[in-house]
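Read through the structure below, which is laid out as structure tokens, and then see the notes.
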Amino acid sequence: MSTITPRVPTEETLACRSTAATELLRNALGDDWTITQTNRGARARFRLLTVSLKYHPENDDGAWRCRLRDSFPRRTLIERRADGLREATDDVVARALHARAMIGGDLGLAQTPAKSWLAYRVWSAVRNPG
């Protein structure tokens, strides 16, 4: 009778995956995001936005989870799970860069970040009802 061994990552593989996640977020999002390395992945912050990328090998939906959240109020805007690092981040990073342009006032909505964010929330509610 064979035994089933759980897929528990070692400290070395977690550190390697965290470094890869940190580099991916740094290259994809740019220098204006504050990027920190965590135990199982990486986190990037820009004003009210947070992009988190975590590695969970025990999850059946996918080993990598990428999530875009805002903090006004705390709400998940988009979450994606996939087995590959790149597949998990593509949609989330694209949405994060779009939201960053709205927050920063780059699209001409307002120069005040709070007003830009309010305009972005109204725009996304009208564009994506539900």
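With acidic (Asp, Glu), at pLDDT below 75 and outside any helix (DSSP H, G or I) as the only criterion, which of Asp31, Asp61 stands out?
None of the others qualify; the one that does is Asp61.
Tally time: how many residues in region 82-130 are at pLDDT 80 or above and either under 14 Å from Asp70 (Cα atoms) or over 20 Å from the mean Cα position of the chain (by Cα) (or both)?
8
Which of (1) buried (at least 18 other Cβ atoms within 10 Å of the Cβ); (2) part of a loop (DSSP other than H, G, I, E, B) does Asp70 not meet, given it meets every other one?
Condition not satisfied by Asp70: (2).
The values are calculated or read from the model by the stated rules, or taken from the named source; none is laboratory data. The shown structure was predicted, so the numbers you read here are calculated from the model rather than taken from an experiment. Ideal geometry is used to build each Cβ from the backbone, glycine not excepted, and the neighbour counts take in all protein chains shown.
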